[in-house]
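Step one of this worksheet: look at the structure below.
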Amino acid sequence: MPLENLGIRKLEEELRAWFTEGMAEPRSVVDGLDIGWGGVQRWATSAMPDLGRGLHLDFACGYATFLAQLGWRFPQAGLVGLNIDFSGVHAAAKPLLRRARVRARLVRGDARRIPFPDGAFESVSCFLGMQDIELAFGEQALFEVLGECVRVLRSSGILCLLDEIAFECFDALLASSPLEVETRAERALDVRWDREAAECAVELYAQGWLQQRRLRDPSVDGKMASAYLAKLRKDLEKQFADRGYYVPFGPVRMVVCRKLR
Ligand SMILES: C[S@@+](CC[C@H](N)C(=O)[O-])C[C@H]1O[C@@H](n2cnc3c(N)ncnc32)[C@H](O)[C@@H]1O
């Protein structure tokens, strides 16, 4: 393993200890996943093209955990994080970046209307944001966001999307865009949770699902959330039956594209 990855792993461990301070298990295990995502974020930044000194936008940056990784891997890059809000749980973004010793400008805004001029960025990324955007705003929103990414990228700029979305869905999204795919790869989370952590996780994920879904449709009720929780529980049981442990997400798929014109 390159020394760089070992160094980043250590920074992740320090940040995770801070992020989960005062939390008891299993909650600390579940929430601690946000820092590093079971090695997937470290893998992603090692597989991305070097951002150099360019201006880089990370949209749907949430708590800014991927921004922290970008800052560790590409310390010269000019980082900008965009999220629809930095209130509630997302208020953690600023202190998290301070703790990670990563400098980034945080901008509140909707990725369907990125508040930057045409060609403003050398590169753009999104880590696990596309699914949230689809959940909250519908499938069409993904096309709107992609159009905005193309607009704010300079010619020959790089777009790096990471999500659980199938490669075919990425293909459908990119088909009529001026973006050429350079790299596709996927990575499973290096995580093996026991039943206690798994059960805590599915409860929390079902609550999160309901919150996101209600942004689009406030009439979504507890019944639908229960159906979603039942689906997660079914998968949990299947994983324990098949392999004896639980992996909460993934694999995460990465598509790196270049803007052609
Ligand atoms: C699962 S989080 C992504 C994780 C994040 N990239 C990280 O590194 O920690 C998804 C985020 O997308 C944000 N989001 C959802 N819709 C959005 C939109 N239309 N524009 C910008 N952000 C959005 C949510 O607020 C949430 O913080």
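The values are calculated or read from the model by the stated rules, or taken from the named source; none is laboratory data. The model shown is predicted, which means the values in this text are computed figures rather than measured ones. FYI the Cβ positions are ideal-geometry reconstructions off the backbone, even for glycines, and counts take in every protein chain you see.
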Among the residues of segment 185-199, is there at least one that is assigned by TED's automatic domain parsing to the domain that holds Cys126, more than 23 Å from the chain's Cα centre (by Cα) and within 29 Å of Gly147 (Cα to Cα)?
no
Leading residue by the ranking (nearest to the ligand (Cβ to nearest atom)) among those in segment 111-137 that are under 18 Å from Arg258 (Cα atoms) and surrounded by 19 or more Cβ atoms within 10 Å (Cβ to Cβ):
Phe127
Show the residue pairs meeting these rules: Cβ distance below 6 Å; 6+ apart or different chains; first residue within segment 57-78 and on the phi < 0 side of the Ramachandran plot; second residue among the small types (Gly, Ala, Ser) and within 6 Å of the ligand (Cβ to nearest atom).
Phe59/Ala111
Subset of segment 12-59 [aromatic (Phe, Trp, Tyr), under 15 Å from the mean Cα position of the chain (by Cα) and more than 25 Å from Gly119 (Cβ to Cβ)]:
Trp37, Trp43
Could you look through segment 209-230, keep only residues that are part of a helix (DSSP H, G or I) and loosely packed, with under 13 Cβ neighbours inside 10 Å, and pick out the one that is modelled with the lowest pLDDT?
Gly222
